[in-house]
Structure formats: C-alpha cells, structure tokens
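To keep things clear, I will list the structure first and then write my remarks on it.
The values are calculated or read from the model by the stated rules, or taken from the named source; none is laboratory data. These numbers were taken from a predicted model, which means no experiment stands behind them. Glycine gets a Cβ as well: all are built from the backbone with ideal geometry, and neighbour counts include every protein chain shown.
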Amino acid sequence: MAKSDISVHKEEIQKLKQDIAGEISMSENPGNAFKKWQNIFEISQLSLARQMKLSCSTISDYENGRRNNPSIKLVQRFVNTLIELDLKHKGQIIRKLITIPSVQVFETKEFKRGIKIKHTEGLKELTQVNTKNPNELVFGISYLDAQNIPELESSDLQKLFGKTNKRIFYINNVQSPLLIHMFLKSLKLATNLYPFILILETTKTQDEINKDIDVNIPIYITQKNKDEIKTIVKDL
C-alpha cells in the first residue's frame, strides 16, 4: 500500500526544524553542524546553494568556519531548504527523523453471538446489490474508511479479520467501487480470505457497484454512516 504524504505531518516537521535550528545555533562549531545536517539530508552543496540563492563558496565558508556566527535568519533558511528539498523526494529523510503518530485506520468488533444480516433490525433493510446468499452467520464487524485504504500496511490485512473472517466489512466514503475491488483482491492474495459480507456506504448505484466489484460474497449498499451502523450493532 502507498505511504501517506509526509507533508501532512506539519507539527512533527515544525518540531524537527526547531530541533535542527536549535542545534546549529547552540553549537560551538556551527560550521560542523551545517555540514552534519547537509550530509544527513544527502544534499549536495550545489543543490543547497541554488535553493538558498547563495554561492557555493559562501556555503563552504560557513561550513568550514571562515564565516562565524551565522544569523538566526540564515540558519532558518538553511533548515527550511533541507526540508523543502527532501519533501521534493517524498520526505525520505524526514520519515527517518520524525515520529509519525499512528493513525487507527480501521476498527473491529466481535459479536456476542452469530447473527444473520437478513434477520437483524437495522441491517435487514439494507439494499443487496448482488444475488449471493447472505444466509451465513457472522460473528463480528470491521469498520474501514475507503480513504484510509492506501494507508493500510501489509501487516494490517490479517488484523482486519479480528478473531474470524466470518464477519461484515463496513466500508464508508466509497467513491470508487474499483478501488474496493482492488482492495478485496489484494486482501485475498495476502490472506486467502474474504469477509463474509460487505456493506458499502456510498451514493453509487447497484449497477455501478456490480460493474466494478466482482467478488463471490454478498454486497450491500447503504447511506447509513459508521456511527449509525455502530448503534445498530452495539448490543450484538
């Protein structure tokens, strides 16, 4: 799955900037600190000079101590340049230097007993879009936002099934049925499992769903949001 856009972690990046700037400003040898961070970010002196609109000789003077006591403004420009250049390369170095807060991209709930969707108040009214038999008992539900599918790591895929694959997958914010099809195929490839029932919160039509999602499980569509579904199953 694709990595998240590192630039959205603004607070963590700002703290990294402050830490680097503080280290350079407080260093007894700012030139060595400049050189250290340039090497950590794997940025050439030429690239740095071009981005900062300085000559290479000026950068070299600071790094080799021929210019002492760089101004706070220069240090900030230097640090901002390191970050900007790395973001152009998808933040490869930044990812190693900051702690990205973990985001819960899915939730699971186990039921106290097995249920049949067509016998459960609040669920039996959902619209089934295919003809697969929904008569199997399910023992849990997993909640996933379609927008978070790209954030899933391979290690998450098995965890989606909780204690059993005999469960409902409820996916909200479904705008691309094809994305769901690809996700389910990836899930099958990685775990050799499908959920027993798929519920999609979407405005797409039955025809659009059937056209793009080809899996051998019952599929339902709804406009009930996650909180409404949680309320329905909270006592199960």
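Quick test for you: out of K204, K159, K211, K224, pick the one residue that is of a type outside the set (S, T, N, Q) and under 23 Å from K116 (Cβ atoms). Spell out the reasoning first.
On the way: K204 fails: under 23 Å from K116 (Cβ atoms); K159 fails: under 23 Å from K116 (Cβ atoms); K211 fails: under 23 Å from K116 (Cβ atoms).
Residue meeting the stated conditions: K224.
Between a first residue in the stretch 107-132 that is without any contact (Cβ under 8 Å) to a residue 12 or more places away in the chain and at negative phi and a second residue that is surrounded by fewer than 17 Cβ atoms within 10 Å (Cβ to Cβ) and not in a helix (DSSP H, G or I), which pairs have beta carbons less than 9 Å apart while being 6 or more apart in sequence or on different chains?
Within 9 Å, the pairs are K124/K116.
Which one is surrounded by the fewest Cβ atoms within 10 Å (Cβ to Cβ), of the residues in the stretch 160-176 that are within 19 Å of the chain's Cα centre (by Cα) and of a type in the set (S, T, N, Q)?
Out of the qualifying residues, it is Q175.
Looking at L157, L187, L144, which is the one that is in the same structural domain as K224 (by TED's automatic domain parsing), touching a residue at least 12 places away in the same chain (Cβ under 8 Å) and closer than 21 Å to D227 by Cα?
Selected residue: L144, the only one of L157, L187, L144 that is in the same structural domain as K224 (by TED's automatic domain parsing), touching a residue at least 12 places away in the same chain (Cβ under 8 Å) and closer than 21 Å to D227 by Cα.
What tally of residues in the stretch 23-36 results from selecting those that are surrounded by fewer than 17 Cβ atoms within 10 Å (Cβ to Cβ) and either outside the structural domain of L87 (by TED's automatic domain parsing) or within 33 Å of the chain's Cα centre (by Cα) (or both)?
Step one: list which residues in the stretch 23-36 are surrounded by fewer than 17 Cβ atoms within 10 Å (Cβ to Cβ), which gives 23, 25-29, 32, 36.
Filter once more, keeping what is either outside the structural domain of L87 (by TED's automatic domain parsing) or within 33 Å of the chain's Cα centre (by Cα) (or both): 23, 36.
Count: 2.
Among the residues of the stretch 181-198 satisfying the criterion of being among the hydrophobic types (A, V, I, L, M, F, W, C) and assigned to a helix (DSSP H, G or I), which is nearest to N130 (Cα to Cα)?
Filtering the stretch 181-198 for residues among the hydrophobic types (A, V, I, L, M, F, W, C) gives 182-184, 187, 189-190, 193, 196-198.
Among the residues that remain, those that are also assigned to a helix (DSSP H, G or I) are: 182-184, 187, 189-190.
Details: M182: 18, F183: 19, L184: 16, L187: 20, L189: 23, A190: 25 Å.
Out of the qualifying residues, it is L184.
Just to be sure, is K204 in contact (Cβ under 8 Å) with a residue 24 or more places away in the chain, over 13 Å from N130 (Cβ atoms) and in a loop (DSSP other than H, G, I, E, B)? Explain how you work it out, then say what you get.
Numbers: in contact (Cβ under 8 Å) with a residue 24 or more places away in the chain: yes; over 13 Å from N130 (Cβ atoms): yes; in a loop (DSSP other than H, G, I, E, B): yes.
Yes, satisfied.
For the stretch 179-197, does any single residue satisfy the condition of being in contact with a Pro (Cβ under 7 Å, 6 or more places away or on another chain) and within 24 Å of E136 (Cβ to Cβ)?
Let us first name the residues in the stretch 179-197 that are in contact with a Pro (Cβ under 7 Å, 6 or more places away or on another chain), namely 197.
Applying the additional criterion that residues be within 24 Å of E136 (Cβ to Cβ) yields 197.
Yes, the stretch 179-197 has at least one match.
Out of everything in the stretch 207-231 that is touching a helix residue (DSSP H, G or I) at 6+ places or on another chain (Cβ under 7 Å) and assigned to a helix (DSSP H, G or I), what residue ends up being farthest from P177 (Cα to Cα)?
Applying the first criterion (touching a helix residue (DSSP H, G or I) at 6+ places or on another chain (Cβ under 7 Å)) to the stretch 207-231 yields 208-209, 212-215, 219, 221.
Now narrow it down to the ones that are assigned to a helix (DSSP H, G or I): 208-209, 212.
Values: E208: 7, I209: 6, D212: 6 Å.
Residue satisfying both the conditions and the ranking: E208.
Among the helices (runs of 4 or more DSSP H) contained in the stretch 69-180, which hold 1 or more residues that are at pLDDT below 90?
Values: elements: 72-87, 92-97, 154-159.
Qualifying helices (runs of 4 or more DSSP H): 92-97, 154-159.
If E208 satisfies every condition in (1) surrounded by 18 or more Cβ atoms within 10 Å (Cβ to Cβ); (2) touching a Pro at 6+ places or on another chain (Cβ under 8 Å) but one, which is the exception?
All conditions are met except number (1).
Only one of (1) aliphatic (A, V, I, L, M); (2) modelled with pLDDT under 90; (3) over 21 Å from E125 (Cβ atoms) fails for L236. Which number is that?
(3)
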